Amino acid sequence: MNRKRISLRQELPLLVWLVVVWGALWQDFSPGNLLFGALIAVLVARLFYLPPVELGGRFNVLHAAAFAVHFLGKVVVASFQVLYLAAAKGPKVISAVVAVPLRSHSDLLVTATGHVTALIPGSLVVEVDRSTSTLYIHGINVRNAEDAEQLRRDVRATEAGLIRIMGSQAELSALNQELVP
Amino acid sequence: MMDLVLTITAVVLSLAAGGAIIRIARGPSLLDRVLAADVLLAIVGAALCIDMAVNRHLNNLMLLVAVSLIGFVGSVTVARFVADRREQPRES
Amino acid sequence: MNPETFTVDTVIDAVSAVFLVVGSLMSLAAAVGLLRFPDLMTRMHAATKPQVLGLFLLLAALGLQMRTWWVWPVLVVAWIFQLLTVPVSAHMVGRAGYRTKHLHPELLSTDELEAVVQQAAGTRGFTDDDGDQPAGRR
């Protein structure tokens, strides 16, 4: 077995998440319990080895907060849109499968973009092409090429937000260069 | 006021559960039924949540998480099966 | 009890009552979508996604009603579990649905995946012969 050593910095998000879950399951956030949870988290992370997620090496909290608020707003709006569609259009609704090529080729960003896109009502990831990092998205109420273009722009905007939060430095500068001219 | 909320949500969730059950009964394919069963499970979760909020206790919280995880594992398993199964009857 | 805390309590109660009603309406939205939409993929939009908002509202109402700080991390964990699982199961069901041709082609305005699938089927032959099916069925 050739296990790559994971640095503690790379493993930290997983450990913190495990400790939070531990505290939540006990519904007890006293320091002693959290310390024991941390011990178990390290033990679990060592025993049940997972291939490390390749992080971009940075995380922008400010952008993340803005993104979360934006995301919640979008979910609220889109939920009511789907409710309206179900009630008003019903069986006559037209949808489409749209290919969206992404900028990033890192697995983490493609996965995160797919996740966020799938969580916003009205779009659903049907298939992922990892080699070209293209998402095939089934969008509801996409009646013509214009709507499809709009959907494509939305998904790419989501990806841009995610790159600003946790993309690598190279991806970030590529994004900035694309947006400036 | 909480009594009123409880009545409204009970009616709404009952209607929703009825709709999901109709889809389970009618659903033309297996995947439709799985989807509707998933929705039914989510409605059960919502009912647990409302009960906790109205009566101010947290006894069902882990049950809520368990219910949503069961829904997840169930639909993923069935989805994997269907991808293999449904081709055959049409080809033969 | 002085009047000020009383009003704060009433406001919190009112907000959580609204959250509870809207949250349960989201379940109704899912059921209406299940009954009204024409094919599996559109039904999936209605079925799983409004529940994300629905559970968020219900958990927020629960947190407001409990009035202790330590329930919030628990509720956030419960919600994040849902955020992590819903897209995965939706993707699995959606992919299975697409591969087994659960959608009505006449209700799609464009299908940019089909050409790719056909091309892939032509060059290396899919294991489950996905590519030849649509031509035969139409």
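Couple of notes before you dig in:
- Computed from the C-beta positions of A:Arg143 and A:Ala170 and an R0 of 35 Å, the FRET efficiency is 0.40 to the nearest 0.05.
- Restricting attention to the protein assembly as shown, close to 85% of DSSP beta bridges with both partner residues there are antiparallel.
- Taking a point 7 Å from the Cα of A:Ala45 along the Cα-to-Cβ direction, the residues of the range A:8-29 with backbone N closer than 12 Å to it are A:8-20.
- Simple label model, 7 Å out from Cα along Cβ direction - B:Ala25 to A:Arg9, nm: 6.1 nm
- Qualifying trypsin sites (Lys or Arg not before Pro) for the range B:1-90 [loop in DSSP, other Cβ within 10 Å: at most 15]: B:Arg56
- Area accessible to solvent at A:Leu179, 1.4 Å probe radius, in Å²: 100 Å²
- Accessible-area value, A:Glu149, 1.4 Å probe, nucleic acids and ligands omitted, Å²: 80 Å²
- Long-range Cα-Cα pairs in the range B:2-86 (distance over 21 Å), rounded percent: 39 percent
- Among the protein heavy atoms of the range A:61-179, carbon and sulfur supply 63% of the accessible surface, probe 1.4 Å, non-protein parts ignored.
- Projecting label points 7 angstrom from Cα along Cα→Cβ for A:Asn33 and A:Asp129 puts them 5.0 nm apart.
- On the beta carbon distance between C:Val76 and A:Lys92, with R0 = 51 Å, the FRET formula returns roughly 0.80.
- Geometric extent, Cα atoms of the protein assembly as shown - Rg, Dmax (angstrom): 22.5, 78
- Rg followed by Dmax, in Å, when the range C:3-75 is reduced to its Cα trace: 15.8, 55
- The value given for chain A is a Kirkwood hydrodynamic radius of 18.9 Å, derived from the mean inverse Cα-Cα separation.
- Peptide A:80-89, shielding by other chains (average Cβ, 10 Å cutoff): 6
- Amide hydrogen neighbours beyond the local backbone of A:Glu127, cut-off 5 Å, H modeled: A:Tyr136
- C-alpha long axis of helix B:30-55 to longest principal axis of chain B, angle in °: 10 degrees
- Using the Cβ-Cβ distance between A:His105 and B:Leu15 with R0 set to 51 Å, the FRET efficiency works out to roughly 0.65.
- Other residues whose C-beta falls under 14 angstrom from the C-beta of C:Arg36 contribute a net charge of +3, scoring Lys and Arg +1 and Asp and Glu -1.
- For chain A, hydrophobic long helices are taken as DSSP H runs at least 27 Å long by C-alpha position along their axis with mean Kyte-Doolittle hydropathy of 1.6 or more; these are A:61-88.
- A:Tyr84 - accessible surface, heavy atoms, 1.4 Å probe, Å² rounded to 10: 150 Å²
- Computed on chain B, with alpha-carbon pairs under 8 angstrom and 6+ residues apart, the relative contact order is 26 percent.
The values are calculated or read from the model by the stated rules, or taken from the named source; none is laboratory data. On a predicted model such as this, the values are computed, not experimentally measured, just so you know. Virtual Cβ from ideal backbone geometry, glycine too; neighbours counted across all protein chains shown. With ligands, DNA and RNA removed, areas are computed over all heavy atoms of the protein, side chains included. Shrake-Rupley method; radii C 1.70, N 1.55, O 1.52, S 1.80 Å.
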